[in-house]
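Participant: I am attaching a structure below and will ask some questions about it afterwards.
The values are calculated or read from the model by the stated rules, or taken from the named source; none is laboratory data. These numbers come from a predicted model, not from an experiment. Heads up, the Cβs are rebuilt from the backbone with ideal geometry, glycines too, and the neighbour counts pull from every protein chain shown.
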Amino acid sequence: MPRILTNKIIAITGASSGIGRATACACAAAGMGVVVAARRQERLKELVREIQRDGGRAQAVVCDVNHDEDVGRLIDQTMRTFGRLDAFFANAGYGIYETIERTTLPMFRDIFETNFFATVHCLQAALPALRQTRHAHPACPSSPDGALAHLLICSSALSEISIPMDGAYAATKAAQDSVAGALRAELSAERIEVSTVHPIGTSTEFSDRALGSREAGRFMRAHNRRWRNHTPERVAQAIMKCLHRPRPEVWPSGMARLMLATATACPGVAAYVTRRMMKKLPAKDEDDDRNPPRG
């Protein structure tokens, strides 16, 4: 049976825009209480007002996932406000559009700090609260009061294959996926679900910041295909289906999943495709920004 989401509580990092924001709205519309976390306070306040205007429940917490004390405060405030935590969506992250050679070690360390280490810390911080909720509400998750106990991670289709100019970002997503696989098995006896979300390109502020250069914009405009792009709302709906009926991986694009499965089974084909992608890249602009801002 699908799990009942009404009155369950979810905390979402990176909720001020894109997939995080769309997921917060979808969860609130399903009757969940939502704690939205990000660094930009005004964006969070605007989101909370929108959710409350539509009859939902939401609480904003200013949080930089790179700061351990902020993550702790996010969990504490969730428990103080709602008295429970049923699901946690580790969504905060950013991308770098650059060659491996030109990606400096500080750039590598910075993106791993946010996309990987901060994600791991968020999951570790959320687990005691999930267990506390499960203990206080031990009924079946399909009952109105039963706890969900669900951890979700926003990974990427690039967790399965790396493409030119996205090597650093893809490495963090592969690392997330590996941790999720181990954690899923380790928590199975406690019936705590662990799911990874694997979107392809999305039309969000995240994509704009990750590209961060004229060459990237030209390339994406020239070679974009509909199957490579979908909206944050489409990803959010796929996440909602996973909350109702948990599964290990969420793939909003069935075509991307099929193609990446083929690439994994046939590494020679994958190497050929990525080489062709590299050949199509436009020449590098000397004045392009080599270190785009964090998302």
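Participant: Which one is surrounded by the most Cβ atoms within 10 Å (Cβ to Cβ) among residues in region 151-171 that are more than 21 Å from L258 (Cβ to Cβ) and over 14 Å from the mean Cα position of the chain (by Cα)?
Facilitator: Here the answer is M165.
Participant: Continuing with this model, one more query. Would you point out which residue out of L130, L158 is in a helix (DSSP H, G or I), at pLDDT 90 or above and farther than 22 Å from I192 by Cα?
Facilitator: Of L130, L158, the one residue that is in a helix (DSSP H, G or I), at pLDDT 90 or above and farther than 22 Å from I192 by Cα is L158.
Participant: Follow-up. Is it true that some residue in region 93-103 is in contact with a strand residue (DSSP E or B) (Cβ under 8 Å, 6 or more places away or on another chain) and at pLDDT 95 or above?
Facilitator: Scanning region 93-103, I find at least one residue that is in contact with a strand residue (DSSP E or B) (Cβ under 8 Å, 6 or more places away or on another chain) and at pLDDT 95 or above, so the answer is yes.
Participant: Please enumerate the residues belonging to region 71-116 that are under 30 Å from T6 (Cβ atoms) and among the charged types (D, E, K, R).
Facilitator: Passing the criteria: R73, D76, R80, R84, D86.
Let's see how each residue does on (1) in contact (Cβ under 8 Å) with a residue 40 or more places away in the chain; (2) closer than 20 Å to A189 by Cβ:
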position: V71; (1), (2): yes, no
position: L74; (1), (2): yes, no
position: R84; (1), (2): yes, no
position: A87; (1), (2): yes, yes
position: A92; (1), (2): yes, no
position: G95; (1), (2): yes, no
position: M107; (1), (2): yes, no
position: C140; (1), (2): no, yes
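Participant: Do you know which of the residues in region 7-17 that are buried (at least 24 other Cβ atoms within 10 Å of the Cβ) and not hydrophobic (A, V, I, L, M, F, W, C) is farthest from the chain's Cα centre (by Cα)?
Facilitator: Only one residue fits best here, namely K8.
Participant: Residues of region 132-165 being among the charged types (D, E, K, R) and out of contact with any Asp or Glu (no Cβ under 9 Å at 6 or more places or on another chain), which ones?
Facilitator: Listed by number, the list holds a single entry, D145.
Participant: Now, a different point. Restricting to region 20-50, and then to whatever is crowded, with 23+ Cβ neighbours inside 10 Å and among the β-branched types (V, I, T), can you tell me which residue is nearest to L148 (Cα to Cα)?
Facilitator: Here the answer is V34.
Participant: Another one. Would you point out the residue of region 205-255, among those that are assigned to a loop (DSSP other than H, G, I, E, B) and at pLDDT below 55, that is surrounded by the fewest Cβ atoms within 10 Å (Cβ to Cβ)?
Facilitator: R225
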